[in-house]
1. When you look at Asp121, is it surrounded by fewer than 20 Cβ atoms within 10 Å (Cβ to Cβ), part of a loop (DSSP other than H, G, I, E, B) and under 14 Å from the mean Cα position of the chain (by Cα), yes or no?
2. For residues in the stretch 1-25 being charged (D, E, K, R) and in a loop (DSSP other than H, G, I, E, B), which is surrounded by the most Cβ atoms within 10 Å (Cβ to Cβ)?
3. Of the residues in the stretch 25-61, how many are in contact with a His (Cβ under 8 Å, 6 or more places away or on another chain) and of a type in the set (Gly, Ala, Ser)?
4. Mind listing just one residue for me: the one in the stretch 223-254 that is touching a Leu at 6+ places or on another chain (Cβ under 9 Å) and closer than 30 Å to Ala16 by Cα and, of those, modelled with the highest pLDDT?
5. Name the single residue that is surrounded by the fewest Cβ atoms within 10 Å (Cβ to Cβ) among those in the stretch 26-70 being part of a helix (DSSP H, G or I) and in contact with a Ser or Thr (Cβ under 7 Å, 6 or more places away or on another chain).
6. What residue, of Leu123, Leu176, Leu185, Leu115, is modelled with pLDDT of 95 or more and closer than 23 Å to Pro11 by Cα?
7. Condition check: farther than 26 Å from Asp220 by Cβ, of a type in the set (A, V, I, L, M) and in contact with an Asp or Glu (Cβ under 8 Å, 6 or more places away or on another chain). Does Leu160 satisfy that?
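The values are calculated or read from the model by the stated rules, or taken from the named source; none is laboratory data. Fair warning: this is a prediction, and the values are worked out from it, not measured in the lab. No Cβ is skipped: glycine too gets one built from the backbone with ideal geometry, and neighbour counts run over all protein chains shown.
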Amino acid sequence: MKIIVSVKQVPARDSALRVNSAGKWLDESDITYEMNEPDAYALEEALQLKEKLGGEVVVLCAGPQRAGQTIREALAKGADRAIHVEMDEEGPLDALATARLLAKAVAPESPELILTGLQSDDLGYGQTGVILAELLGYAHATIVMEVEPQGSAVRVKRELEDGWFQNVVLPLPAVLTIQSGIKKLRYATLMGIKKAKTKEVKTLSAGQLAADTSSTTVMDRVYLPQRSKQTQILTGDAKQVAHQLVEKLKFEARVL
């Protein structure tokens with residue numbers, strides 16, 4: 001079984017974020033980057049399927065040259081080869097433009113499965129995998145908890161609201177967006193890191209793919225949230241004050 005895993009490089013969670021001078025995106029000069037955590041779970045699911053069924057895991061990443069670090073990390077964990085779609089655009093593409101790029105890169109591969117993370121840690125659209133499936137004409141399912149290939153189909157377990165689950169059988173090929181936290185992530189071994197240096201990384205450009213990368217959404221302004229302090233004085237006896245406090249913690253602060 002050939003499985004393609006789409007991964008994205010995003011700013012590390014502990015990076016100090018500053019808006020660039022244009023106010024359109026982040027100042028990338030001091031940012032460190034890492035693999036998008038939801039995509040790491042998609043990669044883990046693909047590697048475990050490969051260990052059970054055999055086949056090939058191909059990493060697909062659209063991003064600038066620095067994204068090569070994330071690609072090598074995926075190869076070190078056990079992916080067989082990679083496709084890097086290099087982009088030089090300043091700022092991110094929207095979900096549709098990204099999916100168009102990925103679809104062009106995926107088409108010649110004819111995979112049985114394409115796995116992505118549920119969403120990205122930076123933009124959080126949660127739409128790229130769904131749009132990719134539509135562009136390719138593949139079946140798709142989101143928020144997937146379990147994946148069980150069955151010949152020419154795949155059975156998946158989806159997480160719904162309020163503790164409910166849904167079991168669905170999809171025809172192959174299919175695109176699945178994987179829920180975070182469903183498996184324990186592996187670390188790259190020293191041997192895996194050494195092997196990653198010799199694995200194939202095919203580099204393509206948006207121009208070579210002849211994909212439409214025009215965005216249908218416009219990033220008007222990026223800014224840091226304004227901090228403000230507010231004080232509320234609760235009045236009444238101890239029982240009334242306690243009741244008011246609990247209500248505010250539940251429905252305003254949402255910490256209970």
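1. When the stated conditions are applied, Asp121 passes them.
2. Lys8
3. 0
4. Checking each candidate, the answer is Leu249.
5. Selected residue: Glu37.
6. Leu115
7. Working: farther than 26 Å from Asp220 by Cβ: yes; of a type in the set (A, V, I, L, M): yes; in contact with an Asp or Glu (Cβ under 8 Å, 6 or more places away or on another chain): no.
Considered against the rule, which asks whether it is farther than 26 Å from Asp220 by Cβ, of a type in the set (A, V, I, L, M) and in contact with an Asp or Glu (Cβ under 8 Å, 6 or more places away or on another chain), Leu160 comes out as no.
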